1. Which FRET efficiency value, to the nearest 0.05, is calculated for S130 and V88 with the Förster distance at 35 angstrom and r the Cβ-Cβ distance?
2. With each pseudo-label sitting 7 Å past Cα toward Cβ, what's the A108-D147 distance in nm, one decimal?
3. Between D217 and K158, what FRET efficiency comes out of the Förster formula 1/(1 + (r/R0)^6) with R0 = 41 Å and r the beta carbon distance, rounded to 0.05?
4. Pull up the cross-link candidates among the lysines for K220, meaning alpha carbon to alpha carbon under 30 Å and not fewer than 8 places away within one chain.
Amino acid sequence: MLAACAEPDGRAGAHVFQAAELQRRAVPRIWPVTGHGMARVLCVLSLGRASELVTLSRAFLPIDTVMRNAASPVLILVFAVAVASGCVTKFIPNTDVVDNPDNRQVVAFCEAYRRAVERKDLVTLVELASPQYYEDGGNVDASDDIDYAGLRQYLTKKFSEAKSIRYEIRYRRVSRGPDVVLVDYTYSGSYRLPSKGGGKWRSTVEENRLELVASGDSFKIVAGM
């Protein structure tokens, strides 16, 4: 259509082009970005690559604003807030486990187990165990395997060897399979041996895994005590 309106020397076409260019410059240019693209931009900023501020900000700010305010503390603060809200993974306090309702329920159940160990609460521990409980001892020797029927006897023996128990857990990971929840953690266990002098404390730090299965609205332990 521009060619049809142009004068023979082309001057009218040039005027129309110039007018269109001026209108284009008057409208701030916005670069569209998807949700994943925005997350990627924010994550790059969260890694401290502030030198990419101008380039990355083109993804969602008018270019004129960026060029005028690239070093503005306000603009940088806006990016910092965006990074904090859009790129930081939240964890359950004092754990390395991602914070969500399902994981909170798992950690709460494991805390009930931990407290029962410290109290040497045999009744509660047996209640927390599944009738399918089985522990192979980590070797091929079946003589030290523990099933549900032998769990009470095993715990009774262990508790008799300790006058007091301190059992602290740092939860590392909660993962889920088709029929099982795996809870990996590091524990610091201290126990005081009975003796005439009041008892000597011994301690150990180890990795462990509890294996849980769903039971109603809670869980049962099938291995790992």
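1. In this case the efficiency is close to 0.45.
2. Between A108 and D147, the simple spin-label model gives 3.4 nm.
3. Working: r = 30 Å, r/R0 = 0.73.
Working from the Cβ atoms, E equals 0.85.
4. Within reach: K90, K120, K157, K158, K163.
Bear in mind that the values in this text are calculations on the coordinates, not laboratory data. Since this is a predicted model, take the numbers as computed values, not measurements. Because the Cβ atoms are built from the backbone with ideal geometry, glycine has one as well, and the counts that use them run over all protein chains shown.
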